[in-house]
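A.B. asks: Below you will find the structure I want to go over with you.
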Amino acid sequence: MNAPLGALDRPNSYIGRSVSRPNAKRLLAGKGRYVTDLVLPRMLHAAFLRSPYAHARIVSIDAGEARAMPGVRLVATGADLAKLCTPWVGTLDHFKGMKSAQQLPLPVEEVLWSGQAVVAIVAETRAQAEDAAEAIVVEFEELPAVVDIDAAREAGADRAASGIADNLCFASRLDTGGIDEIFAGAAHVVEEEFHFGRHTAVTLEPRAILADWDASEGKLTVHHATQTPYQFQDLYSRHYGIPEANVRVVAPDIGGSFGMKLHVYHEDMAVVGLSMLCGRPVKFVADRLEAFVSDIHARDHRVRARMAMDTEGMILAMDVDDVTAIGAFSTYPRTSAVEGNQVIRLMGAPYSFRNYRAELSVVFQNKVQTSQYRAVGHPIACAVAERLVDMAAARAGLDPVSLREKNLIADDAYPCESPTGYKFEALSHRKSLARLKALMGYDALRAEQAALRERGIHRGIGIASFVEISNPSPAFYGIGGARISAQDGAVLAVTPSGDVRCQISVTEQGQGTETIIGQIVADQLGIARERVRVITGDTENTPHGGATWACRGAGIGGETALQAARKLRENVLGLAAAILQARPGDLDMRDGVVVDVLNGAERVSLAEIARIAYFRSDTLPKDASAQLTVAHHYAPQGYPFAFTNGVQGCHVELDAETGFVKILKHWVVEDCGRIINPLLVDEQVRGGVVQGLGAAFFEECRYDENGQLTNGSLADYLVPMACEMPDIVIAHIETPTADTALGAKGCGEAGTAAASAAALNAVNDAMSPFGASIAQIPMTPTRLLKALGTI
Amino acid sequence: MTAPVAITLSVNGETLTRAAEPRETLADFLRRDLGLTGTHTGCEMGVCGACLVMLDGAPVHGCLIFAVQAAGASVQTVEGLSESAMIADLQRAFHERNALQCGFCTPGVLVTAQWLLARKAAPSREEIRDALSGNYCRCTGYEAIVDAIETVARRRSAGEAASRFLEEPA
Amino acid sequence: MKARAFSYVRPATVAEALLAFAEAGEGASYIAGGQSLVPALALRLQAPERLIDIAHVAELRGVSCDGEWLRIGALTRHADAHDDPLIARYAPLLALAAPHVAHPAIRNRGTLGGSVALADPASEFPAMMLALDAEMEIAGSAGTRRVPATAFFQDLYQTAIEPGELLVALHVPVARAEHRCAFDEFARRRGDYALVGCGVMLAMPGDVVAEARIAFLSVGSTPMRARAAEAALAGQALDAEAIRRAQAALADDLDPPDDEQVPAAMRLHLARVLLGRLLGRMEMAS
């Protein structure tokens, strides 16, 4: 339960306070230590020859000339690595009927997408490895490429991979019953076909890995730019047959991840084998072109959906068909079916309607694999439902906000369950919407919009309510047989000088994980946060845990730290009581000093307690236990997920002559429960919004009919930049989860979840005087001019 | 000859001579030969801005110039700007405002910011965004960066001296 | 993304540069700012055996004016096109276009000569050479010659510069009091290659347009003059009707490439909108 965590005016009350990130200082000084920066003695560099075809059979590989070139130490093929590494299949048991082709680090017979790594070259420098790659001759026999999602599902269609019976990876169906009758009898039905482009994470630091196999110890050390070091420790151990304790994965500073850096990549698995074959450290840093054709992509959905409404403007039902294309196999170990699954389960989640039917088809095609990237499935579910809500409002002649006010789940209706089976503990949709309306000055914006339309200026206002999944329990992956932990662990120790070291399994990629963990530990112990050192990202120095994904760092990692700190505090006060011959309950710790609870009188410092415990244990009473190190694990209990909620508003101006859109401003009201550090939460939300706006207006992996990515460079794939992005106003409602003492839920995906939906509604609102509409993102000028009938 | 050639240049105030392969970019030279890994490479084609360094006082992409071209020139990297305390106020403002997350773009952003404020004492938010038009940041959404630069412009205009940043406790 | 190996020489004079190229033959490439060449090398789209760094050739530097012509040394940087007082005074169109060229760090390094010699149809400066009626000074083994912009841009990335020749300077007829100019472009993001861009030079001694020069970028395989639109303006007062006719005439001037992302009709439409807006602004200002 949520006992109050303390007022902010106490010393060391850090929970809820905006404080800067201690670990940001070295990044500002150019002293970050990223995997791309690391150099080990005798380190070699890997490059890969890649397939020019989307689908082909490997006929022969001639690497004779390459092997003799300057600096080249190894050329390895799929067959070479298959002798070391066991294959993997990206399915989960709880996705019934799911299938996928078996994968190896490098293909032995068949390439499945254009850009797939085929041959590895290891040389003294990256440039030499690239020189050698140019000298390798691979003969391919081109096979038919599967690119169209409808053609792929026809009987007798060409298969994306020879190891699968057909191109349907996974299908799922939800049906509460009677949907056709409800639609037949509804006062209003709106429907639309939506298209969501493929996009990709484009972390500024590309994927980077440095594997170091030491045969003398039988030990593998992998410096890996990943969110999830323990997951990879397990995978490298099992697929290369190395005892788990002999595999160390270190994740130092990481230049962005957003979900992209927790999947198995063929090159990464290969690099481990390359190091074993060379007996030397081998480094691979994907260059930007390689990143575009090998990092996971995401989204790529076509959704046909309709919504039924009664005469009072109450939503009655939704009926949804989602087809999503994922690449030629399912990503390992988290699969490529989770996004589609979340699309159909999150659809309309903020609303109180009870009737729902959905069909999901997850389809193979010969493109880069798709998988989990920030806000998995959320933006699609949100955009479809929110656009239909706006269409329904227009049909009923209601203001979009009024329609939402009627239909959002009431704030006093919890706990409750969605028609798709999600259990909601407590959300604040209506309060959030009211707050957003005030924050935007909604009524004034509408008045201004009407006045400007008279002058030929076309502004649009879009609203989007959302639900976000955070703090996942084992219901996410563990239940499906994946060795992906939903729990976290922390080891907390008082050092001999009275400082505190916290080794914890959650990881840092810049979002501020280490900072909030430090805040929680300092707050709960009662010491200055400058005296808490937080250590993350090393399987050899932290306990096993889930690390960072699905917005779990604050909620689960934070609760782990909180419980560990309380345990350590109990030990410290118990020892202090023994030293002082007092009762533990009469003591408290403030600013690193044990004090009397009643009057605050200082009794003994933590440093003194530590000195006695470590160096003068002879002076302690006989029965005193000096346990100044504690280990603690915490796994979510209670609700399978801690859902969060919020609502976003977007204000745009459409240049109707050119199809260009200027984003004027964006607003977010969100409820992530207990806020540990408002500064960091706001920046998570802002960054998330901009990724959503990128999807809405700019980002799309474009393919031609042969399965070739045609815009795979940072000059051609348009990411959002400073000039095009708006200032973003953020406000919060706090509804802590009662499942934990901390009460925190996730916030990292909230911005991305609804930004593109709000933008889609805003642009449609701006186009409404023209009788035009769009149901596709990104909303490019060309698409908008087509929608407007100009071209 | 494609073999390494000796080049002499000034880096962060120190004149040094090294052998560099003609095909080695300045960014790779700084990172690999001099260990100045604060200069990052994010695209190697002059689009992302992570490799910006000052070349004879103006920001250029370290990935779009070969080290041999920089022979005789003066280069300042984020390490040099940082150690000379020239950007201490920028670093402080970025830290306070949390105008960085993963930090990979940050050195390039700081180089741009320092150059902008040297040319224009009180830029508008639009001008700040325009100056940043070649600095890609995937984490922050840019607003915090604009805020931090605006704050420094205001502080510098008010004559606030930049105190050192790095030696202070975090 | 590492370039193939090459050798590097740094001549001090044009003569040395020409000689260095002649020695290496077709396997050589000049480099000045390198802002387009270096990415091409990194991508291994080009792989010269020898790079001839002309950045230290004094004859290629500097901006000067003799009263009739403005001479812009080929090594003049994009940033200087914006900041140089002589350019601002005698070729203000270049100063207007400069901020649209890529990003600040590219402008600090890229050169006008490099941009014009590359002749990317989507770049601003080559098109502005057309709008300015500039002449390119080219040095070769037989001496130097001047080629008017209209004869200079021949096809995609093809100019009047023969292999081994070197672009020395851009010569621009100086702008007089009667000249008005305007530049703008539609780009997805600040600094991106534009979907369409346009520079306009009008000679307006009185209320009537004596001469119009209109050049577009990103509408074909070379930068393009819009002769029919120019003719529609010549001898006319700059009013709504004349502007409308100039916009309509673009159908005769431009035949943009067609692709799914930006269909030909889209580019033509945007070119018309852009020209209309530029001329409209000039009308308001006159």
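A short reminder: the numbers here are calculations on the coordinates, not readings from a lab. Every value quoted in this text rests on a predicted model; they were computed, and no experiment measured them. Every residue, glycine among them, receives a Cβ derived from its backbone with ideal geometry; neighbour counts consider all protein chains shown.
A.B. asks: Just how far, in whole angstrom, is segment A:148-224 from segment A:431-454 if you go by their alpha carbon centroids?
C.D. replies: 38 Å
A.B. asks: Kindly write out, for segment B:128-135 in residue order, the coupling ³J(HN,Hα) from the Karplus curve 6.51 cos²θ - 1.76 cosθ + 1.60 (θ = phi - 60°), rounded to whole Hz, with x marking Gly and Pro.
C.D. replies: Listing the rounded values in order: 5, 4, 4, 4, 8, 4, x, 10 Hz.
A.B. asks: Are there trypsin sites (Lys or Arg not before Pro) in segment A:278-377 that DSSP puts in a loop and that have at most 13 other Cβ atoms within 10 Å, and which ones?
C.D. replies: Listed in order of number, the matching sites are A:354.
A.B. asks: Pick out, from C:34, C:48, C:15, the residue whose Cα sits farthest towards the positive end of the charge dipole of segment C:7-53, with +1 on the Cβ of Lys and Arg and -1 on the Cβ of Asp and Glu.
C.D. replies: C:34
A.B. asks: Under 13 Å from a label point 7 Å along Cα→Cβ of residue B:10: give me every residue in segment B:16-45 with its amide N that close.
C.D. replies: Label zone hits: B:16.
A.B. asks: For segment C:129-204, run through the trypsin sites (Lys or Arg not before Pro) and keep only the ones in DSSP coil with at most 10 other Cβ atoms within 10 Å of their Cβ.
C.D. replies: C:176
A.B. asks: Which lysines does residue A:219 reach when only Cα atoms under 19 Å apart count, and residues fewer than 8 places away in its own chain are ignored?
C.D. replies: A:83, A:283
A.B. asks: Report the calculated FRET efficiency for residue A:151 and residue A:359 (r = Cβ-Cβ distance, R0 = 25 Å), to the nearest 0.05.
C.D. replies: 0.85
A.B. asks: Further question on the same structure: Just subtract the alpha-carbon distance of residue A:586 and residue A:238 from 0.36 nm times their residue separation and send over the number in nm, one decimal.
C.D. replies: Here the segment from residue A:586 to residue A:238 would lengthen by 120.2 nm.
A.B. asks: Based solely on its DSSP helices, what 222 nm [θ] is calculated for chain C when runs of n ≥ 4 H residues each add -39,500 (n - 2.57) and the sum is averaged over all residues, nearest 500 deg cm²/dmol?
C.D. replies: Mean residue ellipticity at 222 nm (helix-derived): -10000 deg cm²/dmol.
A.B. asks: Relative contact order (percent) for segment C:7-53, with alpha-carbon contacts under 8 angstrom and 6 or more residues of separation?
C.D. replies: For segment C:7-53, the relative contact order is 55 percent.
A.B. asks: Give the cross-link partners of residue A:567 among the aspartates and glutamates, using a straight C-alpha distance below 20 Å as the criterion and excluding same-chain residues fewer than 8 apart.
C.D. replies: A:488, A:499, A:514, A:523, A:559, A:586, A:588, A:591, A:596, A:608, A:623, A:739
A.B. asks: Take peptides A:513-523, A:558-568, C:9-19 and line them up by average Cβ neighbours within 10 Å, highest first, as a rough protection proxy.
C.D. replies: A:513-523, A:558-568, C:9-19
A.B. asks: Let me make sure I get this right: for segment A:7-150, a, b and c are the square roots of the gyration tensor eigenvalues over alpha carbons, sorted descending. Under 1.5 in a/c it's rounded, otherwise prolate if a/b > b/c, else oblate. Which is it?
C.D. replies: It comes out oblate by the Cα gyration axes.
A.B. asks: Suppose R0 equals 25 Å. What FRET efficiency, 1/(1 + (r/R0)^6) with r the Cβ-Cβ distance, do residue C:211 and residue C:145 give to the nearest 0.05?
C.D. replies: 0.45
A.B. asks: Next question. Provide a whole-number value for the mean count of partner chain Cβ atoms within 10 Å of the Cβ atoms in peptide C:176-188.
C.D. replies: Whole-number average of other-chain Cβ neighbours for C:176-188 is 1.
A.B. asks: Got a sec to turn the phi values of segment A:532-549 into Karplus ³J(HN,Hα) couplings, 6.51 cos²θ - 1.76 cosθ + 1.60 with θ = phi - 60°, whole Hz, x for Gly and Pro?
C.D. replies: 9, 9, 10, 10, 9, x, 8, 5, 8, 10, 9, x, 5, x, x, 6, 10, 5
A.B. asks: Largest first, please: the extent of the C-alpha atoms of chain A along each principal axis, to the nearest Å.
C.D. replies: Largest to smallest, the principal-axis extents are 87, 73, 48 Å.
A.B. asks: With springs only between Cα atoms under 10 Å apart, run a GNM on chain C and tell me which of C:252, C:155, C:192 wobbles the most.
C.D. replies: Of the options given, C:252 has the highest mean-square fluctuation.
A.B. asks: Also, quick follow-up: Calculate the length of the line joining the C-alpha centroid of segment A:379-400 to that of segment A:49-112, in whole Å.
C.D. replies: Rounded to whole Å, the Cα centres lie 46 Å apart.
A.B. asks: Within a Cβ distance under 13 Å of residue A:573, other residues only, what is the Lys/Arg minus Asp/Glu net charge?
C.D. replies: For residues surrounding residue A:573, the net value is +2.
A.B. asks: Okay, next question. Scan segment A:692-770 for GluC sites (Glu not before Pro) in coil per DSSP, keeping those whose Cβ has at most 11 other Cβ atoms within 10 Å, and list them by number.
C.D. replies: Answer by residue number: A:705.
A.B. asks: On to the next question. Sticking with the crude label model, points 7 Å out along Cα→Cβ, report the distance from residue A:215 to residue A:158 in nm, one decimal please.
C.D. replies: Label-label distance for residue A:215 and residue A:158, simple model: 4.4 nm.
A.B. asks: To continue, here is another question. Let me have the 222 nm mean residue ellipticity of chain B computed from DSSP H runs of 4+ only, each contributing -39500 (n - 2.57), with the sum over all residues rounded to the nearest 500.
C.D. replies: Mean residue ellipticity, 222 nm, calculated: -9000 deg cm²/dmol.
A.B. asks: How many Cβ atoms of partner chains, on average, are near each residue of A:677-683 if near means within 10 Å of its Cβ?
C.D. replies: The per-residue average across the peptide is 3.
A.B. asks: Given a Förster distance of 60 Å, report the FRET efficiency between residue A:530 and residue C:61 from their Cβ-Cβ distance, rounded to the nearest 0.05.
C.D. replies: 0.65
A.B. asks: Find the relative contact order for segment B:5-81 and round it to a whole percent, using C-alpha pairs within less than 8 Å whose residues are 6+ positions apart.
C.D. replies: Relative contact order here is 40 percent.
A.B. asks: Specify the residue with the greatest mean-square fluctuation among B:57, B:159, B:141, computed from a Gaussian network of chain B linking alpha-carbon atoms under 10 Å apart.
C.D. replies: Fluctuation is largest for B:159.
A.B. asks: Arrange the following residues from fewest to most other Cβ atoms within 10 Å of their Cβ: A:134, A:181, A:683.
C.D. replies: Lowest to highest Cβ neighbour count: A:181, A:134, A:683.
A.B. asks: Where the centre of each part is set by its Cα atoms, how far does segment C:202-271 sit from segment A:478-543, in angstrom?
C.D. replies: So the separation of the two Cα centres works out to 64 Å.
A.B. asks: Express the relative contact order of chain A as a whole percentage, based on alpha carbon pairs under 8 Å and six or more residues apart in sequence.
C.D. replies: This gives 16 percent for chain A.
A.B. asks: Which pairs break 25 Å Cα to Cα here: A:431/A:665; A:99/A:745; A:367/A:423; A:437/A:786?
C.D. replies: Those over the limit are A:99/A:745; A:367/A:423; A:437/A:786.
A.B. asks: For C:46-55, what's the mean count of beta carbons from other chains sitting within 10 Å of each residue's beta carbon?
C.D. replies: Average neighbour count from other chains, rounded to a whole number: 2.
A.B. asks: What is the spin-label model distance, in nm, from residue A:43 to residue A:59 if the labels are put 7 Å beyond Cα along the C-beta direction?
C.D. replies: Output for this residue pair reads 4.0 nm.
A.B. asks: What is the magnitude of the charge dipole of the protein assembly as shown about its Cα centre, with +1 placed on the Cβ of each Lys and Arg, -1 on the Cβ of each Asp and Glu, and no other charges, expressed in debye to the nearest 20?
C.D. replies: Around 2300 debye, computed over the protein assembly as shown.
A.B. asks: If you check each cysteine of chain A for another cysteine whose beta-carbon is under 4.7 Å away, which ones come up empty?
C.D. replies: A:85, A:169, A:278, A:382, A:416, A:502, A:551, A:650, A:701, A:723
A.B. asks: Where does chain A land at 222 nm, in deg cm²/dmol rounded to the nearest 500, when only DSSP H runs of n ≥ 4 count, each adding -39500 (n - 2.57), divided by all residues?
C.D. replies: Computed mean residue ellipticity for chain A: -8500 deg cm²/dmol.
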